[in-house]
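The values are calculated or read from the model by the stated rules, or taken from the named source; none is laboratory data. In this text the structure is predicted, and so the values were computed from the model without any measurement. Neighbour counts run over all protein chains shown; Cβ positions are idealised from the backbone, glycine included.
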Amino acid sequence: MIRLQKILSHAGVASRRAAEELIRQHRVEVNGAVVTELGTKADPEHDEIRVDGRRLPKATPVRRYVLMFKPRDVMSTRADPQRRTTVIDLLARAGIRGYFYPVGRLDYESEGLLVLTNDGEFAERLTHPRHEVERVYEAHLLGVPDERDIHRLERGIVIDGRRTHPARIRVRGTYAAGDEEHTLVEIILREGRNRQVRRMCEAIGHPVVRLIRTRIGAVSDKRLRPGQIRDLTPHEIDSLMGSSAPARRGAQRSKGTSRPR
């Protein structure tokens, strides 16, 4: 018998921490009974386990790791109560099926690189704060921040009573947009708080007008266009795991780039 959160993680449903939350929300059933205790155990070979009404397959799924260029006006969640398009919808249109979930998030108005996987342990490694995986953003700001503004971003901005971690800022240039002047800034973070880049820039009086995530860890791809998807290479998977070991067993090899239909 194995703890349910471990079964869900190995099945690619969620990380162990996220699986615990699914159990707390009474979204997991074993043999038709809703599970309410975190310590509940089950036999993945013989018990019928369901999450949100969907039965877990008995066979261990092939681990898969995909890189998507999320377009604007797409939710980086599995589902949306307002029925807006989600990244899972884009996977389905590209013919990629299974219980995938996004690793981290990009807000609805933002665009850029997002990793999706069915490997819960990989997702936890990539999102846990202690690993401080770099995220790089191109932020188009309204107006022209001065040196003091840039220094404030680099030092950290207090959001919800807590200062953000130090950031690296590179001003790429300014340009005219109608009657307004905009500034292109590269922002490198090692944490991922809710709408962090937008809130940091609002705090210095230069709100974001466009935000693009261009790199996650060592993974970037200037060839991907909004809506396009490709599998991560074994080297990229290893780099995100912070390991020089061979790529994870069962990882599906890169198949090139696809565009959702």
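Only residues that are surrounded by fewer than 15 Cβ atoms within 10 Å (Cβ to Cβ) and part of a strand (DSSP E or B) were counted across segment 176-187, and they come to 4.
Mind checking which residues of segment 59-88 are farther than 22 Å from L211 by Cα and either over 16 Å from the mean Cα position of the chain (by Cα) or not in a loop (DSSP other than H, G, I, E, B) (or both)? Scanning segment 59-88 gives A59, T60, P61, V62, R63, Y65, P81, Q82, R83. The residue that is farthest from the chain's Cα centre (by Cα), counting only those in segment 190-212 that are in a strand (DSSP E or B) and crowded, with 21+ Cβ neighbours inside 10 Å, is V208. Count of segment 135-164 residues, restricted to those that are farther than 18 Å from E202 by Cβ and loosely packed, with under 14 Cβ neighbours inside 10 Å, is 1.
Within segment 128-146, is even one residue among the charged types (D, E, K, R) and over 25 Å from A18 (Cβ atoms)? Yes, because at least one residue in segment 128-146 is among the charged types (D, E, K, R) and over 25 Å from A18 (Cβ atoms). Whenever a residue of segment 120-148 is free of Cβ contacts under 8 Å to residues at least 12 places away in the same chain, it has no partner that is of a type in the set (K, R) lying with C-beta atoms less than 7 angstrom away and at least six residues away or across chains.
Total residues in segment 165-175 satisfying the condition of being surrounded by 15 or more Cβ atoms within 10 Å (Cβ to Cβ) and small (G, A, S): the figure is 1. With respect to the conditions (1) over 28 Å from Q5 (Cβ atoms); (2) loosely packed, with under 13 Cβ neighbours inside 10 Å, P129 lacks only one, and its number is (1). Here is the figure for segment 13-39: residues that are at pLDDT 90 or above, surrounded by 13 or more Cβ atoms within 10 Å (Cβ to Cβ) and in contact with a strand residue (DSSP E or B) (Cβ under 7 Å, 6 or more places away or on another chain) total 6. Of the residues making up segment 90-126, those that are assigned to a helix (DSSP H, G or I) and either modelled with pLDDT of 95 or more or buried (at least 19 other Cβ atoms within 10 Å of the Cβ) (or both) number 6.
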